[in-house]
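Undergrad: Got a structure here, written out as structure tokens. Questions coming.
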Amino acid sequence: MDAHLRELRYFAAVAEELNFTRAAARLFVSQPALSKQIRALERRLGFELFERRPRALALTEQGAALLPAARRILADWDRAYAECRAIGRPRTLVVGMQTAVGRDLQRRAMARFRERAPGWRISLRLVGWDDPSAGLADATSDVAFVWLPVPAEGIAVHVLARERRWVALPEGHPLADHAEVPFADLLAEPFVALPEQAGPLRDFWLAAGHRDGRPPVIGAEATAADEVFEAVASGLGVALVAEGNAALYRRPGVVCRPVTGLPPAELAVAWRADDPRQAPRAFVACLREAAEGRGVTDARGARA
């Protein structure tokens, strides 16, 4: 029975951590989703990979035998994929993003990068919320605009902007007439959530840590920013959004208001820490200069 590469990555992470919670954080997926994937893999293979004890997790004999092979397969695939990507486009920098960047950062950075690396071409790639690394985790992006948090292992980040969180409301919602909305007033509202695969990023945009133990009510899920705003316009729920995105994605049927009682969101540029090439780091440097030159501020006017 064949196993998919993603399943092998999940298995290797759990086998190395011997803890589903730590492995889920490393993979940037939810713990229930990871457990479900491992169970599905075991069913397809026809044997268990882990001994699940009350206070510990251990590899079975089959799991211990599979782990070195899984590591080799993943390493060989990553190397082969990188080599294939380089053929025919050795001087293309793939920039992943989860939302439109705007804020004048992208334009300024690209102008600088073209001056410093005239032989390079930039390819923009929009990635869904189900991959919070925006393509870095599977090496389909070289650098990425991301919203924090992102997986920490192997990924370096630099914060470009800190923005107040706003709430997107359906037009006619009782809170739409308020100048500001306390987050406490939103606790009972149905929310448009990111997919479960987004892990801690989903929790951040649900403000899960600021609900006093009350679980969020999920009215709908969305894998992209446009879907979030369409779901809100359709009356499926409300959604927390970054201040800059409230303006970028403005549309009929949606009203956005600033939220009080929550820390700001952070927009960052991210790259693989072990990438030896100079081009990704040069692009990051151009972005940092663009952010500094623009005087990027947070919601209170402090320099980011």
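The values are calculated or read from the model by the stated rules, or taken from the named source; none is laboratory data. Computed from a predicted structure; not experimentally measured. Don't worry about glycine lacking a Cβ; one is built from the backbone with ideal geometry, like all the others, and counts go over all protein chains shown.
Undergrad: Scan region 25-40 and tell me whether some residue there is of a type in the set (Lys, Arg) and either in contact with a Ser or Thr (Cβ under 8 Å, 6 or more places away or on another chain) or surrounded by 15 or more Cβ atoms within 10 Å (Cβ to Cβ) (or both).
TA: Looking through region 25-40, at least one residue is of a type in the set (Lys, Arg) and either in contact with a Ser or Thr (Cβ under 8 Å, 6 or more places away or on another chain) or surrounded by 15 or more Cβ atoms within 10 Å (Cβ to Cβ) (or both).
Undergrad: Quick check: is even one residue across region 158-179 in contact with a Ser or Thr (Cβ under 6 Å, 6 or more places away or on another chain) and either touching a residue at least 12 places away in the same chain (Cβ under 8 Å) or more than 26 Å from GLY96 (Cβ to Cβ) (or both)?
TA: no
Undergrad: Here's a follow-up. State all residues of region 183-198 that are of a type in the set (D, E, K, R) and either surrounded by 18 or more Cβ atoms within 10 Å (Cβ to Cβ) or in contact with a Gly (Cβ under 8 Å, 6 or more places away or on another chain) (or both); if no residue qualifies, say none.
TA: Result: GLU189, single match.
Undergrad: Okay, next question. So which residues in region 104-150 are in a loop (DSSP other than H, G, I, E, B), of a type outside the set (A, V, I, L, M) and crowded, with 22+ Cβ neighbours inside 10 Å?
TA: TRP129, ASP131, PRO132, SER133, GLY135, SER141, ASP142 - these are the residues of region 104-150 that are in a loop (DSSP other than H, G, I, E, B), of a type outside the set (A, V, I, L, M) and crowded, with 22+ Cβ neighbours inside 10 Å.
Undergrad: As an exercise: evaluate PHE113 against (1) touching a Phe, Trp or Tyr at 6+ places or on another chain (Cβ under 9 Å); (2) modelled with pLDDT under 90; (3) not β-branched (Val, Ile, Thr) and give the number of the one condition it does not meet.
TA: So the condition that PHE113 fails would be (2).
Undergrad: What's the number of the condition LEU41 fails, among (1) touching a His at 6+ places or on another chain (Cβ under 9 Å); (2) not in a helix (DSSP H, G or I)?
TA: Of everything listed in (1) touching a His at 6+ places or on another chain (Cβ under 9 Å); (2) not in a helix (DSSP H, G or I), LEU41 misses just condition (2).
Undergrad: If I ask for residues that are loosely packed, with under 15 Cβ neighbours inside 10 Å and in a strand (DSSP E or B), which ones from region 160-182 would you list?
TA: Scanning region 160-182 gives a single hit, PRO182.
Undergrad: Taking helices (runs of 4 or more DSSP H) that do not extend beyond region 199-304, which have at least 2 residues that are modelled with pLDDT of 90 or more and among the polar types (S, T, N, Q)?
TA: Of the helices (runs of 4 or more DSSP H) lying wholly inside region 199-304, none has at least 2 residues that are modelled with pLDDT of 90 or more and among the polar types (S, T, N, Q).
Undergrad: Criterion first (at pLDDT 95 or above, more than 18 Å from PRO258 (Cα to Cα) and of a type outside the set (Phe, Trp, Tyr)) does LEU194 satisfy it?
TA: yes
Undergrad: When region 23-39 is examined, which residues are found to be without any contact (Cβ under 8 Å) to a residue 24 or more places away in the chain and either more than 23 Å from ALA134 (Cβ to Cβ) or among the aromatic types (Phe, Trp, Tyr) (or both)?
TA: Quick first cut of region 23-39, residues without any contact (Cβ under 8 Å) to a residue 24 or more places away in the chain only: 23, 31, 35-36, 39.
Within region 23-39, SER35, LYS36, ARG39 qualify.
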